[in-house]
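Engineer: My structure is below; once you've seen it, I'll send some questions.
The values are calculated or read from the model by the stated rules, or taken from the named source; none is laboratory data. Source: prediction; values computed, not measured. Every residue, glycine among them, receives a Cβ derived from its backbone with ideal geometry; neighbour counts consider all protein chains shown. We work out accessible area using only protein heavy atoms, side chains counted, and drop any ligands, DNA or RNA first. Shrake-Rupley method; radii C 1.70, N 1.55, O 1.52, S 1.80 Å.
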Amino acid sequence: MPRKRRSLGDLKVAMIFLAPATLGFVVFYIWPTLRGAYLSFTEYSLLQAPNFNGLANYERMVQDSLFWNALVVTVEYVVINIGVQTVLAVGIAMLMYRLTHSITVRAVVLLPYLVANVVVALVWYWMLDFQVGIVNQGLTWLGIDPVAFFGESQWAIPTIAGINVWRHMGYTALLVFAGLQMIPKYVYEAAEVDGSTEWKTFWRITLPLLRPVLVMVLVVTMIGSFQIFDTVAVTTAGGPINATRVIYYYIFERAFTRFDFGYASAMAMVLFAILAVVSLLQLRLLRAKESDLA
């Protein structure tokens, strides 16, 4: 009996501590999701009550060329951001693991991530300015013509992706670094005894054993990349000629510029479905729950 009473008491205490987080999750996540799902089947603006229109918003989406363009632009950004960021993060993590475990170095690597997205976007926007930016001034000094990083379609998305890679790669590198520290040293010692080179050890031991961490990194990075908004809003506002109008920015425009909340909610639901499907596929195909360490 005393043990049972103690268990019930522990449960009550746990419920008290969980209550604020649960309330916040319901109010700020569950309810907005359900509300958005309902509004996606309505015609709604701030000036009138929601008017149910069935699948009209989804049918309209299929025929909306701007929506498909926004989706393609977003996928382009996601591919560049994830590819470059993951490679650089793994490289930085390997350097820290091999050369130094200094806490100061880790703090310096993490520093860009601690700066607000808007601040980072503004600083890089000024640095990459076509006329007075320090980067183009440097290119001119080297005899290279200035580049309109935010003003040319072929440069805009890679530039925005590069800015966000610079901000996030340190945080990603620390996650990978933590994964490296979980790999037993005897595995590397055995590989060294067998005469394995550094390159072979990296590809055949390090990367396979890092898979659970890399899967988590890829899923989190993918979700965050699909939600890119503030960098675009600060630098290009979707231009030039829709070259950087990502899906999140297009949803924002429809909802808060044109007050077309029903259609914006429908696009948000489609984005939610895309993220859920892609995340599940990543977890399944990359065998997130399995480890090669046996």
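Engineer: Counting only protein heavy atoms, what percent of the accessible surface of the chain is carbon or sulfur at a 1.4 Å probe? Each step should come with its number before you reach the end.
Structural biologist: Details: 12330 of 17720 Å².
Summing carbon and sulfur atoms, their accessible area is 70 percent of the total for the chain.
Engineer: Using the Cα centre as the reference, give the magnitude of the dipole from point charges on the C-beta atoms of the chain (Lys, Arg: +1; Asp, Glu: -1; all else neutral), rounded to the nearest 20 debye.
Structural biologist: Dipole magnitude for the chain comes out near 1420 debye.
Engineer: Accessible area per residue for the chain in Å², computed with a 1.4 Å probe and the full protein assembly in place, what is it? Before the final figure, lay out the partial values.
Structural biologist: On the way: 17720 Å² over 294 residues.
Heavy-atom SASA per residue in the chain reads 60 Å².
Engineer: Something else about it: Kindly give Rg over Rh for segment 187-283, based on alpha-carbon atoms, with the Kirkwood expression for the hydrodynamic radius. The partial results should precede the final answer.
Structural biologist: Values: Rg = 20.9 Å, Rh = 16.6 Å.
My calculation of the ratio gives 1.26.
Engineer: Additional query: Excluding GLY195 itself, calculate the net charge of residues whose Cβ lies under 15 Å from the Cβ of GLY195, where each Lys or Arg counts +1 and each Asp or Glu counts -1. Provide the component values of the computation, followed by the final result.
Structural biologist: Details: positive: LYS200, ARG204; negative: GLU189, GLU192, ASP194, GLU198.
Net local charge, GLY195 excluded: -2.
Engineer: Summing +1 for each Lys or Arg and -1 for each Asp or Glu, what net charge is found among the other residues whose Cβ lies under 13 Å from the Cβ of TYR58?
Structural biologist: Working: positive: ARG60; negative: GLU43, GLU59, ASP64.
Residues close to TYR58 contribute a combined charge of -2.
Engineer: Extending each Cα 7 Å along its Cβ direction at ALA273 and GLU198, get the distance between those two points in nm, one decimal.
Structural biologist: 4.9 nm
Engineer: Using Cα pairs under 8 angstrom and six or more residues apart, how large is the relative contact order of the chain, in percent?
Structural biologist: Working: 304 pairs, mean separation 84.5, N = 294.
It rounds to 29 percent for the chain.
Engineer: Counting only other residues whose beta carbon sits under 15 Å from that of PHE226, what net charge do I get with K and R as +1, D and E as -1?
Structural biologist: Combined, the nearby Lys, Arg, Asp and Glu give -1.
Engineer: If you don't mind, another one. Short version: what are the Cα gyration tensor semi-axes of segment 67-139, square root of 5 times each eigenvalue, largest first, in whole Å?
Structural biologist: 28, 21, 13
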